[in-house]
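A short worksheet on the structure shown next.
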Amino acid sequence: MTTVQEAPPQQGSALSDSLVVTWRNLKRIPRIPELAIFAILQSVMFVLLFAFVFGGAIPLPGGGNYREFLMPGIFAQTLAFAAATTAIGMTDDMAKGLIDRFRSLPMSRSAFLTGRTVSDVVYNLGILIVLMLSGLAVGWRVHEGLARFLAGVGLTLLFAYAMSWVGVWLGMLVPTVEVAQQVAFTAIFPLTFLSNAFVPLQTLPGWLQPVADWNPVSAITAALRELWGNPNPFVTNSFPSEHPILMTLIWTALFIAIFAPLGVRRYRATSR
Amino acid sequence: MSSTAGGSTPAITAEGLTKLYKSRSGEVRALDGLDLVVDEGTVLALLGPNGAGKTTTVRILATLLRPDAGRATVLGYDVVSDAQRLRRVIGLSGQYAAVDENLTGRENLWMFGRLYQVNSPTARARADELLDQFDLSDAGDRPVKTYSGGMRRRLDLASALIGHPRLLFLDEPTTGLDPRSRIGMWEVIRSLVRQGSTLLLTTQYLEEADALANTIAVVDAGKIIARGTADELKSSVGGERVEVVVHDPAQLGAALRLVSDCCLTEATVDEHTRRLTAPAAGGAQQLVAVIRALDDAGIVIDDVGLRRPTLDDVFLSLTGHAAEEREAEAAASEPVAAGRTA
């Protein structure tokens, strides 16, 4: 057998490889400005539509400002769609054969996926900032001080990060970007509407209330309302509605623990 | 099949590689016990039609696919158990020009260099060097989406070279390129060959294998069915042949006798197209003799020429069937489709 003259090559460093991939994904944003611009417009449009169309029609139990109630729901909904953003990015790289190039390189096996999810968090932070500014414009306020505000932002990004791992896995299962988009939207729309994001849970039919109660989108929405002092009408004294912050942490940990290994396995095994 | 020559160490050895793909119509054997030896410092072309198993072979050797049976080593590394070390010393450039179109050429090269675990300043310097070598310096700071097909392909090849690989896989390096870009690509590949790279390339064109490779291995239905130099393969099909199309069907018989006499073998005749074909061992001289004889006899011809054996001829003579695409395998062996077939 051949004698290998060179020193054994070092393993790819997971951290530096992930940073390179993150850099690559972020470079894309200014190169296709239309994507970010329309994502921002869409977010602003949602805020305005809900604030002005439903704002008067949905009374909150126990009173309270609907727009203040609404904004955490909009944040949760938009960031649940992080899964779609990530899935579309993954499918695009697969369809263009780029993933083969990365898989043929001596880089860390998880870096391609970590880089993707981390860059999507940065992207989502940008979207979140725009959403918050639009929210401020329609009358949403944070009442509980800087620390709790930042805790809420951190929790939102953590939730987006977990959703991205769902998207990584999903993106590798489907054949084209169009399918990725369809699947992600079909899965996430009901997830966001069967929650307390836009309506108080009391207004849902009784059998649907537990579903919405345990929905991860409800958890993050209620957590944000609690942290920021926005109206948060409880429906039951169930575990999720009493511990929304803890529930959000459990959901995100669960998503990452399930979908990160599934994604890495799928990545290593694509086309095997 | 020839094995290691002159005591040099094989750069690639493959034994009994087998790969099955599941398709709607059942299981497809993309590779069916493929054996292969490639010596260090040589260029081997895998020649075959779409779906013969060329791409699957490259993907297994480049660690992208696991074989279902058989084993392979590349530069002494097992492609399955030593995949990560192997990736450090090989380069892969495919038919799908896998470069990021939103990055500039320079950024692509830097990124792939970093992921080859080259440090940043070295990757930057190597990127400059490769842009220069591949005539992309002027376009280096433009996003790749503004590149032509030929430029993308050159950048893709440059990306494969960023880590100074000891062995390079080129999967159909010129498929889909216009003739001018194809010649440009050949020049680039030839210069790599002159530098002594070990290269395994796949192609559907005998002409291309002929132009670039020392040795050609003909692949069909997941196996190597012949191996040799281009000349050896061509002579196995009978070398060049002369073809004549006679204007008047009434003169076919006379023409057939004359052509057969000139070529010292019985010519074949297709009555419908009025076409006569005969082996032309003497090349152009033989063609001149045929034209002269026909002209002297007053036979009017519509067309005449020397034809080199094509991949089709080689295939016909080796397998008894034409080199047509096998639909199911073709789909399975395309990288993108293969990505879904897990």
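State yes or no: is B:L34 under 21 Å from B:S197 (Cβ atoms), assigned by TED's automatic domain parsing to the domain that holds B:L20 and either in contact with a Leu (Cβ under 9 Å, 6 or more places away or on another chain) or at pLDDT 90 or above (or both)? Judged against the criteria, B:L34 is not a match. Cβ-Cβ distances below 9 Å connect the following pairs, each with a first residue in the stretch B:86-97 that is touching a residue at least 12 places away in the same chain (Cβ under 8 Å), a second residue that is assigned to a helix (DSSP H, G or I) and acidic (D, E), and a separation of six or more residues or different chains: B:L92/A:D100; B:S93/B:D156; B:G94/A:D100; B:G94/B:D156; B:Y96/A:D100; B:Y96/B:D156; B:A97/B:D156. Take the stretch A:18-37 and flag every residue that is without any contact (Cβ under 8 Å) to a residue 60 or more places away in the chain, more than 9 Å from chain B (Cβ to nearest Cβ) and open to solvent by less than 70 Å² (accessible area, probe 1.4 Å). Within the stretch A:18-37, just A:P33 meets the criteria.
If you go through the stretch A:114-131 and keep only what is within 14 Å of chain B (Cβ to nearest Cβ) and open to solvent by less than 10 Å² (accessible area, probe 1.4 Å), you end up with A:G115, A:S119. Among the residues examined, A:F52 does not qualify as at pLDDT 85 or above, surrounded by 15 or more Cβ atoms within 10 Å (Cβ to Cβ) and away from chain B (no Cβ under 14 Å).
For the stretch B:86-104, taking the residues that are at pLDDT below 90 and closer than 29 Å to B:T13 by Cβ, the one that is farthest from the other protein chains (Cβ to nearest Cβ) is identified as B:Q95.
Pairs, please: C-beta under 7 Å, at least 6 apart or cross-chain, first residue farther than 20 Å from B:V74 by Cβ and in the stretch B:1-25, second at pLDDT below 75 and surrounded by 15 or more Cβ atoms within 10 Å (Cβ to Cβ)? Within 7 Å, the pairs are B:Y21/B:A332; B:Y21/B:T341; B:K22/B:T341; B:S23/B:A328; B:S23/B:A332; B:S25/B:A328.
Figure legend. Inter-residue proximity from the stretch B:219-238: first residues over 16 Å from B:Y205 (Cβ atoms), second residues not aliphatic (A, V, I, L, M), beta-carbon distance below 6 Å, spacing 6+ or different chains. Indicated pairs: B:G222/B:R29; B:G222/B:D32; B:G222/B:G53; B:K223/B:D32; B:G238/B:P279. Only one entry in A:S134, A:S164, A:S119 is over 30 Å from A:G97 (Cβ atoms) and in contact (Cβ under 8 Å) with a residue 12 or more places away in the chain, namely A:S134.
Of the residues making up the stretch A:85-109, those that are away from chain B (no Cβ under 13 Å) and not hydrophobic (A, V, I, L, M, F, W, C) are A:T85, A:T86. Would you check which residues across the stretch B:38-48 are within 19 Å of B:A209 (Cβ to Cβ) and open to solvent by 30 Å² or more (accessible area, probe 1.4 Å) and list them? Scanning the stretch B:38-48 gives B:G41, B:T42.
When the stretch B:163-221 is filtered for residues that are of a type in the set (V, I, T), in contact with a Leu (Cβ under 6 Å, 6 or more places away or on another chain) and not in a strand (DSSP E or B), only B:I189 remains. So is B:D220 in the same structural domain as B:L276 (by TED's automatic domain parsing) and among the charged types (D, E, K, R) or not? No: the conditions fail for B:D220.
When we screen B:R114, B:R152, B:R106 for residues that are within 24 Å of the chain's Cα centre (by Cα), under 27 Å from B:T63 (Cα atoms) and in a helix (DSSP H, G or I), the only hit is B:R152.
The residues listed here are B:A255, B:A250, B:A267, B:A293; of these, the one that is open to solvent by less than 40 Å² (accessible area, probe 1.4 Å), over 30 Å from the mean Cα position of the chain (by Cα) and free of Cβ contacts under 8 Å to residues at least 12 places away in the same chain is B:A267.
Can you find a residue in the stretch B:71-82 that is facing chain A (nearest Cβ under 10 Å), crowded, with 24+ Cβ neighbours inside 10 Å and in contact (Cβ under 8 Å) with a residue 12 or more places away in the chain? Scanning the stretch B:71-82 turns up at least one residue that is facing chain A (nearest Cβ under 10 Å), crowded, with 24+ Cβ neighbours inside 10 Å and in contact (Cβ under 8 Å) with a residue 12 or more places away in the chain. Of everything in the stretch B:51-69 that is outside any helix (DSSP H, G or I) and more than 13 Å from B:K223 (Cα to Cα), the residue that is most open to solvent (accessible area, probe 1.4 Å) is B:R66. In the set B:L170, B:L206, only one residue is at pLDDT below 90, surrounded by 24 or more Cβ atoms within 10 Å (Cβ to Cβ) and in the same structural domain as B:N50 (by TED's automatic domain parsing); that residue is B:L206.
The values are calculated or read from the model by the stated rules, or taken from the named source; none is laboratory data. Because the structure is predicted, anything quoted here is derived from the model rather than measured. Here Cβ is always computed from backbone atoms with ideal geometry, including for glycine, and neighbour counts include all displayed protein chains. All accessible areas refer to the heavy atoms of the entire protein, side chains included, with ligands and DNA or RNA removed. Shrake-Rupley method; radii C 1.70, N 1.55, O 1.52, S 1.80 Å.
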